[in-house]
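The values are calculated or read from the model by the stated rules, or taken from the named source; none is laboratory data. All figures in this text were calculated on a predicted structure; none of them were measured in a lab. As a convention, Cβ positions derive from the backbone with ideal geometry for all residues, glycine included, and neighbour counts pool all protein chains shown. Surface areas here come from the heavy atoms of the whole protein model, side chains and all, with no ligands, DNA or RNA. Shrake-Rupley method; radii C 1.70, N 1.55, O 1.52, S 1.80 Å.
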Amino acid sequence: MQEWAGREGAAALHAEINARLPGGVIEMKTGWVEDTAAHRRDLTDALARIFVHALRLTGARYALGAVAQHAVRRWQTTGGVNSQGVHPVPYPDDRYLTVPMWWDRDTYAQLAIADQLPRLLDESAQLDRSRIHLEAISSR
């Protein structure tokens, strides 16, 4: 995580990554939606669900994301948890403070909020059906 290079908490972040590597780790960047965008909440909810889907599709147990501190609660809706002992850094510039968050394929369902979990399950089923369909087509 280049954003933390040489900053307070970098060693703690590296230790967290190293501890999770045997289970598989993917790094993802989060996204944002402009305040004036139509259906803003739906879009940000969908962005938060991408972490869980990426875990399922890659088979990795953990996802690490750099998250704007003001949006942490949004990312927690899908089971993301704040990194421990890692201080926020200004990223992408001094207007924002960014923190690392983790998603765990084995625990996200217990941590996701009630509104997000049914959507995660429905989208996961859709992804599974799509994958099965694509595998059938490619085997012809």
Quick one: is GLU3 among the charged types (D, E, K, R), touching a strand residue (DSSP E or B) at 6+ places or on another chain (Cβ under 8 Å) and buried (at least 18 other Cβ atoms within 10 Å of the Cβ)?
-> no
Pairs, first over 19 Å from LEU47 (Cβ atoms) and assigned to a helix (DSSP H, G or I) in region 103-130, second open to solvent by less than 60 Å² (accessible area, probe 1.4 Å) and among the acidic types (Asp, Glu), C-beta under 7 Å, six or more apart | none
What number of residues within region 66-101 satisfy the criterion of being over 24 Å from LEU117 (Cβ atoms), of a type outside the set (Gly, Ala, Ser) and in a loop (DSSP other than H, G, I, E, B)?
-> 10
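Would you point out which residue out of ALA15, ALA63, ALA10, ALA48 is touching a helix residue (DSSP H, G or I) at 6+ places or on another chain (Cβ under 9 Å) and more than 25 Å from LEU121 (Cα to Cα)?
Answer to the check: ALA10.
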Among ARG105, ARG95, the single one that is of a type in the set (D, E, K, R), open to solvent by 50 Å² or more (accessible area, probe 1.4 Å) and in contact with a Leu (Cβ under 7 Å, 6 or more places away or on another chain) is ARG105
Selection from region 127-140 of residues of a type outside the set (Lys, Arg) and either in contact with a Ser or Thr (Cβ under 7 Å, 6 or more places away or on another chain) or loosely packed, with under 11 Cβ neighbours inside 10 Å (or both) yields SER130, ILE132, HIS133, LEU134, GLU135, ALA136, ILE137, SER138, SER139
For THR107, indicate whether it is of a type in the set (Val, Ile, Thr) and under 16 Å from ALA71 (Cα atoms).
-> no
Which is touching a residue at least 24 places away in the same chain (Cβ under 8 Å) and exposed (fewer than 15 other Cβ atoms within 10 Å of the Cβ), of HIS39, HIS70, HIS53, HIS14?
-> HIS70
